[in-house]
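Written below as structure tokens is the structure these notes are about.
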Amino acid sequence: MKKQHPPISDSTVVRMLEFDEFYRKLRETGVSEQEKMAIDEFISSSFTDSCWKDFRQNCVENQLEPYAEIRELIFAYYAKALKKKVSQA
């Protein structure tokens, strides 16, 4: 039986996503296959093929892992959107 965790408030999630330590830990963690599949789905509905190709090329030229970079950008964008939602509530 899976352990159920209590729901986390939006403001708690915002604080977590704004914490530098979160991103440091995230950078230390490789991107799983499941995360890659989710990112691919996000990219297919959000980016043009040429945009994703340019992003990947830019990452490679700067010795960055494209999936890790886009994962961090997704979290950062989500934090901004959620913070805006919390401040409007």
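The values are calculated or read from the model by the stated rules, or taken from the named source; none is laboratory data. This is a predicted model, so every value here is computed, not measured. Because the Cβ atoms are built from the backbone with ideal geometry, glycine has one as well, and the counts that use them run over all protein chains shown.
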The conditions are (1) under 26 Å from GLU28 (Cβ atoms); (2) loosely packed, with under 13 Cβ neighbours inside 10 Å; (3) not hydrophobic (A, V, I, L, M, F, W, C), and GLU69 fails exactly one of them. Which is it? (2)
Test for LYS53: is it out of contact with any strand residue (DSSP E or B) (no Cβ under 8 Å at 6 or more places or on another chain), surrounded by 11 or more Cβ atoms within 10 Å (Cβ to Cβ), among the basic types (Lys, Arg) and modelled with pLDDT of 90 or more: yes
If you scan the range 10-65, which residues turn out to be under 24 Å from ALA81 (Cβ atoms) and aliphatic (A, V, I, L, M)? VAL13, VAL14, MET16, LEU17, LEU26, VAL31, MET37, ALA38, ILE39, ILE43, LEU64
When only residues in the range 79-89 that are without any contact (Cβ under 8 Å) to a residue 24 or more places away in the chain and basic (Lys, Arg) count, which is surrounded by the fewest Cβ atoms within 10 Å (Cβ to Cβ)? LYS84
Which residues, counting only those in the range 22-78, are of a type in the set (Lys, Arg), closer than 29 Å to THR12 by Cβ and free of Cβ contacts under 8 Å to residues at least 12 places away in the same chain? ARG24, LYS25
